[in-house]
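What follows is a set of notes on a single structure, which appears directly below.
The values are calculated or read from the model by the stated rules, or taken from the named source; none is laboratory data. The shown structure was predicted, so the numbers you read here are calculated from the model rather than taken from an experiment. FYI the Cβ positions are ideal-geometry reconstructions off the backbone, even for glycines, and counts take in every protein chain you see.
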Amino acid sequence: MPIKIICKLLFLLLILSSCGITKHVQRYAVEGYIVDANNTPIDQVVIKFLLDENQNDIMLLSDKDSTITNDEGYYKFREISASDIGFMGGESIKRLPVSYTFIVLKKGFVNDTVNLRSRSPLNNILVIETIELERE
């Protein structure tokens, strides 16, 4: 009897040790500030991630992936990630693409575009330097 129990425990240990939890970060958390030319924070600035840009330069903006600055001009986007439990060495699931470009919109100011692809995260947060909007 003890041999069967030992074999079952070894088999269970083998299965559990080959399983792992993996976290796939598609886009890190993004945060920063928006100010005007006088370094005054701008509130109620709409920031939307770009969904698609076609050949005719028509941009589709995401209403679900957007935020508004607070009174201090601060904004933050949450991290987009997924966790999987599976066997180590197995193929990872392909994720839907996410946008790395966002547009800053405020009436009376010139729109600004920021691309996150060339940025390096610090503690899984992309801290964007202060964005300065110019008046129209």
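Things worth noting here:
- Scope the stretch 16-36; condition farther than 19 Å from Glu72 by Cα, of a type in the set (Val, Ile, Thr) and either modelled with pLDDT of 90 or more or surrounded by 10 or more Cβ atoms within 10 Å (Cβ to Cβ) (or both); matching residues: Thr22, Val25
- Failed item, numbered, when Asn39 is tested on (1) polar (S, T, N, Q); (2) under 20 Å from Lys76 (Cα atoms); (3) modelled with pLDDT under 85: (3)
- Restricting the stretch 116-136 to residues that are modelled with pLDDT of 85 or more and not hydrophobic (A, V, I, L, M, F, W, C) leaves a set whose member that is farthest from the chain's Cα centre (by Cα) is Arg135.
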